[in-house]
Every structure is written in C-alpha cells, then in structure tokens.
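Taking it in order: structure first as structure tokens, then the write-up.
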Amino acid sequence: MHWFDELLPRVESFLGEKKDTVISAGLSVSGLQHVGRLRGEVVLANAIAEGLRKSGRNVKQILVLYTQDSWKGKDGQLAQFGDGGGKEYVGRRLIDVPDPKGCHENWVDHYWRDFGDVLEEFATKVEITSTTEVYQTDEMRRNVLELLEKAEKIREIVNRYRGRMKYPEGWIPFEPLCKKCMKIGSAEALSVSEDGQVSYKCSCGDEGASSIEEGKLNWRLEWPSLWKVLSVDIEPFGKDHATPGGSRDSCKNLAKNVMSLTPPFGIAYEWVGMSREGTDLGDMSSSDFKGFTPKEWLEFGEPHALRFIYLQAKPSKRIVLDLAKMDTYHDHLDSGYSNYWQDEKEEESELKSRTYDISAVDRVARKDMFILPYKEASLLTQISSVEDKLHWVVSRLTDTGILTRELAEDEEQYLSKRIGLADAWITKYAPESYHVELQEELPEDVRSELTEEDVKSLAIFRERLEGADWNEDALKETMIQMTKMEDFPVSTKRFFRNLYLALLGKEQGPRAAPFLSILEKDFVLERLDDVSQE
RNA sequence: GGGCCCGUAGCUUAGCGUGGUAGAGCGAUCGGCUCUUAACCGAUAGGUCAAGGGUUCGAAUCCCUUCGGGCCCGCCA
C-alpha cells in the first residue's frame with residue numbers, strides 16, 4: 001500500500017464530517033526559493049487537497065509567505081548585495097529589504113519570482129497569501145487584541161518552554177516595528193491601545209508607536225493565530241518543527257489553552273538535499289542560497305517528474321536531487337505512466353501506478369501515448385539537424401521502427417517538449433558520457449587503441465563508401481553488406497566501436513547510419529584516411 | 001546530556017502494526033531482433049537487509065546497544 005493511502009484516511013477521520021476544509025503551509029522568503037520548498041509546502045499539500053476533493057470536500061490550499069519576518073543578514077544573504085553591502089538592513093522585515101539586484105520592489109518580490117511565477121506548473125489552485133497581508137485583516141487585528149489581553153496567561157505558558165531567559169511580568173507578546181531604525185523585534189512593546197496602536201521603546205533609542213499590521217506577534221503566537229484566522233485544518237511542516245517537545249508542541253499548547261483552538265492535523269516532512277557527481281552537498285537552504293529553483297527545474301524537466309519524486313518517497317525520508325540525473329527521474333515518471341494504464345497490475349507496479357496517479361493529478365495523459373525516453377531524446381537532439389528538430393526526430397523514430405504510426409497532436413507536443421528539455425539538459429547538466437561530440441581532428445590516443453585488423457576494417461569501409469550514395473539507406477546497406485563479408489577482419493560489434501572511436505573518440509555512439517548521413521561525405525572519407533595513415 | 005527521523009543490491013525502492021530465512025524497476029553483463037547503439041525482447045550476475053547482542057524452533061521484521069546522516073531540546077522563525 002502506498003504511504004499516501006495510509007495518510008489520507010487518517011486525515012479524513014480527523015476532519016470527520018467537515019465539508020469545507022483548509023490545508024495550509026508556510027515558508028519564509030528569506031532568499032533562494034529552491035525546489036525543496038515545493039515538497040511539503042506545495043506538492044504534498046496539493047496531493048492531499050486533491051485526495052480530499054475526490055471524496056467530495058471543498059478544499060482550499062493556502063501557501064503563506066512569511067514576509068513580516070526579520071531579515072537575518074546571513075552570509076549568503078549579505079553576499080547578494082556585493083562587497084560589504086546590506087548590513088544596514090539586518091533586522092528589517094523582509095518586505096523592507098531592498099532588492100539587491102534592483103529590478104523589483106523589494107527582497108521578497110525579487111526572490112519570490114523564480115518560485116511563484118511557475119508554481120502553477122507544480123500545483124494548481126494554490127492560494128498565496130503573506131503574513132503581511134494577514135496582519136492587515138480585521139480578523140487578525142481582533143485576534144491580536146484578544147491575545148494581548150491574555151498576555152499574562154501566555155507568558156506563563158511560553159516561559160515553560162524557555163530556559164533561562166524567562167519573559168518578565170508585564171511582557172507583551174508583540175514585536176512592533178520601530179519607525180526610526182525600521183527594525184522589527186528590537187523594540188519592546190510597552191502598551192497597546194484599543195485602536196491597535198502599540199507604543200514601544202526601541203534599543204536604538206526611539207520611542208513611538210506602530211500599528212498592529214506593521215509589527216508582528218511573537219512567533220509562538222503567530223503560528224496558532226494563522227491557524228485561527230485562516231481556519232487551517234491540515235498543515236504540513238518541516239522536520240525542524242516536528243520533534244515532540246519542539247516548537248510545534250508549544251504552539252499547540254497555546255492554541256488549546258489560550259485560544260480554545262483545535263490545532264490542525266500536522267504532517268512532518270524531511271528536507272531536500274542536493275548532490276553533484278555522487279557527492280551529497282547537503283540540504284538546500286534558502287538563506288544560504290543553496291539549491292536550485294523550480295524555474296530552473298522546468299528548463300530541464302517536467303513538473304510531474306518532480307512531483308513523482310516527492311510523492312514516491314515517504315515524507316519522513318530525505319530526498320537528494322541531482323540535476324545530472326534528469327534522465328532517471330523521467331524514466332521513473334514514464335514507468336509510472338505505463339503502469340498506471342496497465343490493465344492488470346502486479347503488486348509492484350501498483351505503487352508506481354498510484355504514485356503516478358497522485359503526481360499527475362488532473363493531467364493524467366491518455367492511454368497509449370507515445371513517449372520517447374528522456375535519454376533517447378538527449379541523444380537524438382545532439383545528432384539531429386538543427387532546423388526542425390521535431391520532424392527530424394519523428395522520421396528517425398519511424399525509420400528505426402520505434403514509431404510505427406502517425407503521432408497525434410498531443411503526442412507531438414509532448415515529444416517536442418521533451419526534446420527541448422533534453423536538449424537544454426545536454427548542454428548544461430548531463431554527465432560527460434552522454435555527450436556525442438564530433439571530433440574535428442582524429443583524436444591522438446585513438447590510433448593506439450586500434451589494432452591492425454581494426455584499421456583494416458575501417459579501410460574497407462572507406463573503400464566501400466566511396467561509390468555509395470550518401471543517404472541513410474545506402475549507408476545502412478553498405479554496412480550490412482560489408483560486415484557480412486566472409487573475410488571481414490573484425491566482428492560487427494568491433495567495427496562499430498572502431499567507427500565511433502574514429503569519429504567521436506568514444507567506443508559508443510548514436511545509430512551509425514543516420515549519424516553518418518548528416519555528416520559531410522568528404523569529412524568522413526578523410527577521417528577514415530587519417531586512421532589508415534601511420 | 002535528553003528526544004525524534006532516516007540507513008534493504010551501483011541507484012530508486014517493496015516487504016517491517018498480524019516474525020517463517022528478501023521481491024521489483026533502472027543500471028551492468030551476455031544473447032536475440034537476417035540494421036550496428038544507449039531503443040525493443042530475453043537471460044544472467046549482484047544483497048552477511050548499517051554493525052553487534054537479545055527474545056524465539058525461526059527476525060530485514062520485536063527488544064537493547066553501537067555506528068553513520070540529519071533535526072529538535074537557547075535566541076530567532
């Protein structure tokens with residue numbers, strides 16, 4: 001059974017009869033919005049939302065951006081400003097930090113783009129909001145005022161979770177914005193008026209007042225307040241909050257005992273790491289600017305392929321992504337597709353099928369689509385003529401018998417898309433061994449790898465090519481005839497190895513006839529001559 | 001120091017609330033397809049189930065310990 005199908009019923013029974021439900025997750029726009037943030041906050045939440053919709057519930061999926069949080073000024077964040085800059089913004093709300101690149105309103109707007117602009121590709125019907133927006137609502141303002149009236153009870157509970165630094169009597173669990181230094185969290189709230197003005201004394205020396213929506217609640221109250229104001233029923237959250245006795249526990253406590261609120265059904269998930277050439281580079285990190293963005297993923301991969309990865313692994317398992325493995329990721333997706341449409345499923349394929357089912361959501365392609373393996377696409381794109389790649393590839397696939405019928409329009413689109421992705425991948429992230437690179441000169445070390453028979457085999461080929469027509473069929477025919485000669489000096493396999501060595505400097509390559517046919521005849525003849533000359 | 005999560009073939013993993021001596025996909029190797037590959041089809045190899053101990057007739061599966069990767073228990077969110 002798929003882990004998802006054990007989780008979903010538990011969510012269902014938590015919800016009971018409730019028809020209208022909200023699933024919400026949050027993230028802080030502290031820097032690079034990497035793909036790891038799509039895992040729990042977006043994809044997992046979305047899969048559950050869809051699952052609940054299927055059983056007839058009205059589900060709202062919300063993604064809350066924590067934009068009111070303060071900017072820490074970590075090394076990676078400061079580095080965005082270039083030499084020595086940015087220090088003056090430490091402690092400001094994220095929305096008050098300027099865009100280091102100067103192209104957007106502020107920090108949040110800039111770094112949200114590579115994530116937010118393509119979010120739709122990974123999950124539909126996600127409503128985006130921000131803590132900044134939430135603080136501006138009447139519900140939140142009312143909620144804050146209510147909480148501040150219970151400040152003493154809150155203090156008592158919060159202090160249980162704090163070690164030495166207990167909050168003193170009279171503590172107000174609110175962080176006003178200092179109007180002078182523009183920082184949040186460095187001013188102490190002194191009193192709150194009924195109309196929501198918080199007077200403060202800041203460590204910079206300023207004394208003044210800020211409105212509720214300019215500041216923010218202490219985080220232990222902010223979290224449950226969001227549950228309340230947004231009516232959250234289900235909430236995925238990162239493993240950092242998951243430990244019993246950890247942060248989420250204290251928030252649950254406050255929700256229950258101060259706000260009379262049932263905390264949402266929580267789902268903890270592990271983080272996403274990245275690796276390069278087999279080396280684990282650690283978890284992706286927003287404020288350290290480590291990782292790659294959803295936008296970058298889409299340059300090389302289909303959104304479903306990533307959803308598939310995220311939904312295959314149990315949320316409690318760490319996932320490590322490597323852009324060099326795009327071909328494998330798509331193989332998994334493709335096998336999910338074919339398993340999905342299989343009439344009789346073995347137990348093994350059931351899991352893949354189900355993963356595909358929840359990965360593809362409403363975009364489950366129809367049955368029997370022609371799908372070119374990603375790796376094949378990456379090879380074909382390298383040897384195809386540049387203009388009209390799609391039709392070149394289609395005719396190649398037809399000639400080789402891999403494709404035995406006309407492609408429908410959607411299939412052609414899908415194929416074209418995949419060729420484009422694989423093409424981008426080849427130039428940027430594919431492992432070296434995937435590259436098919438025509439050697440302009442006969443590589444030096446090739447000669448030493450060829451025996452006398454090897455050289456002879458190529459010489460015979462050269463001779464036969466001379467009079468042959470230069471098209472795929474003729475080339476193919478020539479090779480077949482030749483390798484069947486009684487006294488041909490090497491095995492067929494060996495011959496092709498020799499040919500690839502002479503042209504590519506590697507022992508393997510794309511199908512020979514089509515490949516040769518797009519090269520200049522004279523070039524090939526010359527190369528074969530070179531091999532024979534000592 | 002206390003707690004939590006993860007560790008099954010090169011890679012991705014099934015099995016692990018109801019213990020009976022490991023299944024799969026990819027990759028690799030070999031072969032087939034009277035067209036060669038990295039397509040397709042078939043076959044083969046590959047696992048002391050992180051390590052050690054315990055319970056048991058019998059453990060990947062239950063218990064304890066250890067190791068490795070990560071997180072929480074201060075502040076900040």
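Taken together, the values in this text are just the output of simple stated rules run on the coordinates, not laboratory data. From a predicted model like this one, the values you see are computed outputs, not experimental measurements. Positions of Cβ are generated from backbone atoms using ideal geometry, with glycine treated the same way; all protein chains shown enter the neighbour counts.
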- Note on the structure: Amide H neighbours of A:ALA209 at under 5 Å, excluding residues fewer than 5 places away on the same chain, with H built from the backbone geometry, are A:TYR200
- Task: Quick one: P(r) of segment A:202-332 from all Cα-Cα pairs, 10 Å bins, percents rounded to integers, in order of increasing distance.
- Result: 10, 29, 26, 23, 10, 2, 0
- Item | Cα-Cα separations in segment A:429-478 greater than 11 Å, expressed as whole percent | 77 percent
- Nitroxide proxy distance, nm - points 7 Å out along Cα→Cβ at A:LYS417 and A:ILE518: 2.3 nm
- A:GLU169 to A:ASP109: FRET efficiency via 1/(1 + (r/R0)^6), r the Cβ-Cβ distance, R0 41 Å, to the nearest 0.05? 0.50
- Which entries in A:LYS201/A:LYS228; A:LYS375/A:LYS428; A:LYS18/A:LYS314; A:LYS54/A:LYS252; A:LYS74/A:LYS290 show an alpha-carbon gap greater than 18 Å? A:LYS201/A:LYS228; A:LYS18/A:LYS314; A:LYS54/A:LYS252
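Using R₀ = 56 Å, calculate the FRET efficiency as 1/(1 + (r/R₀)^6) where r is the Cβ-Cβ separation of A:LYS19 and A:SER395; round to 0.05.
0.55
For A:ARG464 and A:LYS72 in the same chain, what is the full-extension length gain: residue separation times 0.36 nm, less their Cα-Cα distance, in nm?
Values: separation 392, 0.36 × 392 = 141.12 nm, distance 7.15 nm.
Here the segment from A:ARG464 to A:LYS72 would lengthen by 134.0 nm.
Are there any helices in chain A, counted as whole DSSP H runs, that stretch 27 Å or more along their axis by Cα and score at least -1.0 on average by Kyte-Doolittle, and if so which?
Values: long enough: A:409-428 (29 Å, -0.86).
Taking the DSSP H segments of chain A (at least 27 Å long, mean hydropathy at least -1.0), we get A:409-428.
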- Task: Express the C-alpha Rg of segment A:36-86 as a ratio against the empirical globular expectation 2.2 N^0.38 Å, rounded to two decimals.
- Result: 1.82
- Note on the structure: For segment A:40-173, the Cα gyration tensor yields equivalent-ellipsoid semi-axes (√(5λ), largest first, whole Å) of 30, 28, 14
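Can you compute the charge dipole magnitude of segment A:1-74 about its Cα centre, using +1 on each Lys and Arg Cβ and -1 on each Asp and Glu Cβ, nothing else charged? Give it in debye, rounded to the nearest 20. Walk me through the numbers before you get to the answer.
Numbers: 11 positive and 8 negative charges, 41 e Å.
Taking the Cα centre of segment A:1-74 as origin, the dipole is about 200 debye.
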- Message: So for each of A:23-35, A:293-305, A:460-472 I average, over its residues, the number of other beta carbons within 10 Å; can you give me the resulting order with the highest mean first?
- Response: A:23-35, A:293-305, A:460-472
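Only bridges whose two residues both fall in chain A count here: according to DSSP, what percent of them are antiparallel, nearest 5? Before the final figure, lay out each step's value.
Values: 19 of 42 bridges.
Bridges in chain A are about 45 percent antiparallel.
Using 0.36 nm per residue, how much length does the chain from A:GLU277 to A:ILE402 gain when fully extended, once their Cα-Cα distance is taken away?
On the way: separation 125, 0.36 × 125 = 45.00 nm, distance 3.19 nm.
Separation in residues times 0.36 nm, less the Cα-Cα distance, equals 41.8 nm.
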- Compute all pairwise cysteine Cβ distances in chain A, then list the cysteines with no distance under 4.7 Å to another cysteine. A:CYS103, A:CYS251
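List A:VAL229, A:VAL144 from most exposed to least, where exposure is judged by having the fewest other Cβ atoms within 10 Å.
Values: A:VAL229 18, A:VAL144 25.
In order of increasing Cβ crowding within 10 Å: A:VAL229, A:VAL144.
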- Between A:SER55 and A:LYS484, how many nm apart are label points set 7 Å from Cα along the C-beta direction? 6.4 nm
- Message: Please compute one quarter of the surface area of the Cα convex hull for segment A:373-501 and express it in square nanometres.
- Response: 9.8 nm²
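Can you order the peptides A:53-64, A:445-456 by their average number of other Cβ atoms within 10 Å per residue, highest first? Walk me through the numbers before you get to the answer.
Working: A:53-64: 16.6, A:445-456: 14.6.
For the peptides A:53-64, A:445-456, the packing ranking is A:53-64, A:445-456.
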- Query: Whose amide H sits under 5 Å from the amide H of A:SER384, counting only residues 5 or more places off or on another chain, with H placed in the peptide plane?
  - Reply: none
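Only helical DSSP H runs with n ≥ 4 go in: add -39500 (n - 2.57) per run for chain A, normalise by residue count and round the 222 nm mean residue ellipticity to 500 deg cm²/dmol.
Details: 22 runs with 237 residues, N = 534.
Helices in chain A give a 222 nm mean residue ellipticity of -13500 deg cm²/dmol.
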- Query: Expressed as a whole number of Å, what is the distance separating the alpha-carbon centroids of segment A:397-475 and segment A:154-176?
  - Reply: 69 Å
- Note on the structure: In Å³ per residue, the alpha-carbon convex hull of chain A encloses 198 Å³
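Tell me, what is the FRET efficiency for A:VAL320 and A:ASP83 to the nearest 0.05, using R0 = 35 angstrom and their Cβ-Cβ distance as r?
Values: r = 33 Å, r/R0 = 0.95.
Using R0 = 35 Å, I get an efficiency of 0.60.
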- Message: On the Cα set of segment A:229-275, report Rg and Dmax in Å, please.
- Response: 12.5, 45
